[in-house]
Amino acid sequence: MCRYRLIAVSATYAWRKTEMSKSILSIAMAIVFASATLSVAAHAASAGDPVAGKIAYGACMSCHSIGDNDIGPAHHGVVGRKAGSVPGYSYSIALKNSGIVWTPEMIDRWLQGPQKLVPGTKMFFSVGDPKTRADIIAYLATQK
């Protein structure tokens, strides 16, 4: 009788182990699928439209222009440039010392909340919509 009970316990353990493995596999697959979906969505958002970006850039023109310093620094050649480096513009100490290089990813973070990224910076305007940010960045990338 003890032998049969051992077999039953072993079978139950094997069944539970198999069910647990299936659960872990299901969770892992869900994580992989979610990551892939987010990656595709992020890529789609990062592939902005420069034509739409030129229109959206109109909101930036309250303080910036492409070729001239104004309330904000000129944006000509901003993608790839070190933050705080446009000659003739008076940057905040915080931005000058930030060490930021304006990659598309960094510009995206900046546009989400300049004061969060670099506390003490002069800029306060943010762009909430990811597609609009991607469009603006695509436009700025054409301004070399």
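Looking for something among the hydroxyl-bearing types (Ser, Thr, Tyr) and surrounded by 16 or more Cβ atoms within 10 Å (Cβ to Cβ) - is there at least one such residue anywhere in the range 99-118? Within the range 99-118 (the criterion being among the hydroxyl-bearing types (Ser, Thr, Tyr) and surrounded by 16 or more Cβ atoms within 10 Å (Cβ to Cβ)), the answer is no, since none of the residues qualifies. Among the residues of this structure, THR132 counts as one that is in contact (Cβ under 8 Å) with a residue 40 or more places away in the chain, in the same structural domain as GLY77 (by TED's automatic domain parsing) and among the β-branched types (Val, Ile, Thr). Among the candidates GLY67, GLY58, the residue that is assigned to a loop (DSSP other than H, G, I, E, B), modelled with pLDDT of 95 or more and not aromatic (Phe, Trp, Tyr) is uniquely GLY67. For TYR91, the requirement of being part of a loop (DSSP other than H, G, I, E, B) and aromatic (Phe, Trp, Tyr) is met.
The values are calculated or read from the model by the stated rules, or taken from the named source; none is laboratory data. Quick caveat: nothing in here was measured; it's all calculated off a predicted structure. No Cβ is skipped: glycine too gets one built from the backbone with ideal geometry, and neighbour counts run over all protein chains shown.
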